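Peer 1: Please see the structure below; I have some questions.
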Amino acid sequence: MVEDTGERVIPEFMDPLNTLLLEHIARYQFSLPYMNGRVLDLSCGSGYGTHLIAKRCKSKIDEIIGVDIDEEIIDYAKGKYFHPKSSFVVEDAVQPHLVKTLGTFDVIVSFETYEHIEEEECLLRNYYDLLKPGGTLILSTPFGEGKGMECKYPFHVHQITPEEFRGLFRHYSNRQFFYQNGVLIEPPRPDVYYPLGVAVCKK
């Protein structure tokens with residue numbers, strides 16, 4: 001039995017109408033039109049999103065690899081989800097030679113990862129290095145008081161502002177920003193509060 005950290009999303013142990021679960025599934029659903037070729041789900045957690053992509057995009061992708069630092073949760077994913085185009089491996093998202101281990105990808109999804117990582121520059125560098133030229137990164141993170149500021153969530157290093165979020169991806173050739181409130185992910189509308197941002201960036 002995997003340990004409940006309070007943030008981990010494991011659909012089989014959750015109410016189907018749980019808000020956290022629905023929000024996470026919405027992000028994977030949002031990412032589906034971008035899928036092609038070789039795909040990486042970096043910090044995949046329990047693997048449900050990796051499996052969703054494999055099933056829904058089997059005709060568009062060559063393979064998808066789900067990666068997480070937690071060996072226990074990867075063992076759970078391997079036991080729970082199987083698809084001929086998916087696999088799960090234990091790796092650290094900030095490991096400096098990750099590209100040598102995993103290779104490069106046409107698409108990377110990494111949802112709710114950045115806010116947990118103290119070595120954020122290593123993470124951002126790995127995102128870029130792991131992408132093939134022309135590849136697409138789809139990333140989400142919750143907003144808060146800003147970089148380095150304390151936040152109310154014990155598992156978060158910090159939560160950046162929307163302005164700081166947009167500044168993370170200047171070295172990509174094309175950047176689009178969307179914002180999430182509940183299951184709704186959309187371009188920003190004036191005077192609407194969005195607790196979370198989603199970036200779609202092309203290398």
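Peer 1: Less than 20 Å from a label point 7 Å out along the Cα-to-Cβ axis of K78: which backbone N atoms in the stretch 102-139 qualify, by residue?
Peer 2: Taking a point 7 Å out along Cα→Cβ of K78, the residues of the stretch 102-139 whose backbone N falls under 20 Å are 102-103.
Peer 1: When the helices in the chain are scored as -39500 (n - 2.57) per DSSP H run of 4 or longer and the sum is shared across all residues, what 222 nm value do you end up with, to the nearest 500 deg cm²/dmol? Could the numbers behind the result be given before it?
Peer 2: Working: 6 runs with 53 residues, N = 203.
Here the helix-only value at 222 nm equals -7500 deg cm²/dmol.
Peer 1: Further question: Based on the Cβ-Cβ distance of Y128 and D62, what FRET efficiency does E = 1/(1 + (r/R0)^6) give at R0 = 22 Å, to the nearest 0.05? Don't skip to the end; give the middle numbers.
Peer 2: Numbers: r = 21 Å, r/R0 = 0.96.
With a Förster radius of 22 Å, E is 0.55.
Peer 1: Go through 128-138, 101-111 and give me the packing order, highest mean Cβ count within 10 Å leading.
Peer 2: On the way: 128-138: 18.2, 101-111: 20.4.
My ranking of the peptides, most packed first, is 101-111, 128-138.
Peer 1: Need one number for the chain: average projected area of the convex hull over its C-alpha atoms, nm². Before the final figure, lay out each step's value.
Peer 2: On the way: hull surface 43.8 nm².
That works out to 11.0 nm², a quarter of the Cα hull's surface.
Peer 1: While we're on this one: How large is the charge dipole for the chain, taken about the Cα centre, if only the Cβ atoms of Lys, Arg (+1) and Asp, Glu (-1) carry charge, to the nearest 20 debye? Spell out each step's value before the answer.
Peer 2: Values: 21 positive and 30 negative charges, 253 e Å.
In total the dipole reaches around 1220 debye.
Peer 1: State, to one decimal in nm, how far the label point of E118 lies from the label point of M14, with both points 7 Å from Cα in the Cβ direction.
Peer 2: 2.7 nm
Peer 1: Here's another thing I want to ask about it. Filter K58/K100; K55/K100; K58/K80; K80/K132; K78/K147 down to the pairs with a C-alpha to C-alpha distance above 24 Å, please.
Peer 2: Working: K58/K100 26 Å; K55/K100 27 Å; K58/K80 18 Å; K80/K132 30 Å; K78/K147 35 Å.
Pairs exceeding 24 Å: K58/K100; K55/K100; K80/K132; K78/K147.
Peer 1: Mind ranking 188-198, 78-88 by how tightly packed they are, going by the mean number of other C-beta atoms within 10 angstrom, highest first? Provide the component values of the computation, followed by the final result.
Peer 2: Working: 188-198: 13.2, 78-88: 16.3.
Ranking, from highest mean packing down: 78-88, 188-198.
Values in this text are rule-based calculations from the coordinates and carry no lab data. All values derive from a computational prediction rather than experimental measurement. Glycine also receives a Cβ, built like all others from the backbone with ideal geometry; neighbour counts cover every protein chain displayed.
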